[in-house]
Amino acid sequence: MSLNKKILIVEDEVDISRLLKTVLLKEGVSEVFTAATAAEGLDLFHTVKPDLVLLDIMLPDGEGYEVCKSIRETSHVPILFLSAKTEEVDKLLGITIGGDDYITKPFSPKEVAYRIKAQFRRANYQLIEEKVKPVIKAGSFEFDEQRLELTKNGHVIELKPKELGIMMLLLKHPNQIISKEKLYDHVFGKEFYGSDNTVMVHIRSLREKIEDDPSNPQYLLTVKGLGYKLTVKGGS
Ligand code: CA
């Protein structure tokens, strides 16, 4: 591993924090900082400016997700969540909020080292990519892929993870029909095949947020028997 890296661990379980620190130093990370609360973690983040953050989800004074959101306001640093929860929903939430990966406890030191190396490789790669395509524009909509933020005529629209997934897919293919199958593959997962109701519920709530008149949609259209389409002017 590249030696010249600083890593911040935000974790209230001292044993885990200590183990991680030992592993990372052994792997050749030059500096490892530890914080045991969300507040301390954020403070340390701003003073130390680490190259990567390992972030526990359940902290005594708040949730790791909140820390992640706050970091994302100013930084694209790789963030790896540490958690004892394994549910898929948590995973999705973590990644959507801006985390880059997820490690479930208990973990092996080798796994942690491997994941961190992978993040550093990706971070270098992303620096190049970001300059090329940070924002998708389609008509009145703009989607910032890095911040995971949708705006309509400059106003931010708050979206839930699944809505975000649907919108991202539609925005990448404006004025094209997206089949339900494609929606399942990209957003819901194959286990949801056939549960059209789930898709409809999300489409409806998305319309509530993006349409001027949700009962008479102008943007997010249903194409009977085929799927959905985002209609925009000037979409590329
Ligand atoms: Ca904890």
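Some values worked out for this structure:
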item: Ranked list, fewest to most other Cβ atoms within 10 Å of each Cβ, for Val29, Val201; result: Val201, Val29
item: Cα-based radius of gyration of the chain once divided by 2.2 N^0.38 Å, which approximates compact folds; result: 1.14
item: Rounded to 10°, Cα long-axis angle of helix 109-132 versus longest principal axis of the chain; result: 50
item: Within a Gaussian network of the chain (alpha carbon springs, distance under 10 Å), most fluctuating of Met200, Met58, Met168; result: Met200
item: Cβ-Cβ FRET estimate between Asn216 and Phe107, R0 fixed at 41 Å, reported to 0.05; result: 0.20
item: Cut-off of 10 Å, at most 12 other beta carbons, DSSP loop: longest stretch of the chain lacking such trypsin sites (Lys or Arg not before Pro); result: 1-223
item: Three-way shape label, the range 187-236, alpha-carbon gyration tensor, a/c 1.5; result: prolate
item: Exposed-site-free run, longest, the chain (rule: GluC sites (Glu not before Pro); DSSP loop; at most 11 other C-beta within 10 Å); result: 159-236
item: Pair Thr151, Thr22: separation of 7 Å Cα→Cβ label points (nm); result: 4.9
item: Difference of contour (0.36 nm per residue) and Cα-Cα distance, Ser30 to Val48; result: 5.2 nm
item: Debye, to nearest 20: dipole size of the chain, +1 on Lys, Arg Cβ, -1 on Asp, Glu Cβ; result: 960
item: Estimated inter-spin distance, Phe192 and Ser140, nm [label 7 Å along Cα→Cβ]; result: 2.6
item: Neighbourhood charge, 12 Å Cβ-Cβ cut-off, centred on Gln218 and excluding it, Lys, Arg +1 and Asp, Glu -1; result: +1
item: DSSP-defined antiparallel bridges as percent of all bridges, the chain, nearest 5; result: 55
item: Cα convex hull of the range 135-230 - mean projected area over all directions, nm²; result: 5.8
item: CD proxy at 222 nm, helix term only [per DSSP H run n ≥ 4: -39500 (n - 2.57); per residue of the chain; nearest 500]; result: -13000 deg cm²/dmol
item: Potential lengthening between Ala39 and Arg204 on full extension [0.36 nm per residue; Cα-Cα distance subtracted]; result: 55.6 nm
item: Cα-based helix-to-principal-axis angle, 161-172 vs the chain, degrees rounded to 10; result: 60
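Values quoted throughout were computed directly from the atomic coordinates according to the rules given, and no laboratory measurement underlies them. On a predicted model such as this, the values are computed, not experimentally measured, just so you know. Here Cβ is always computed from backbone atoms with ideal geometry, including for glycine, and neighbour counts include all displayed protein chains.
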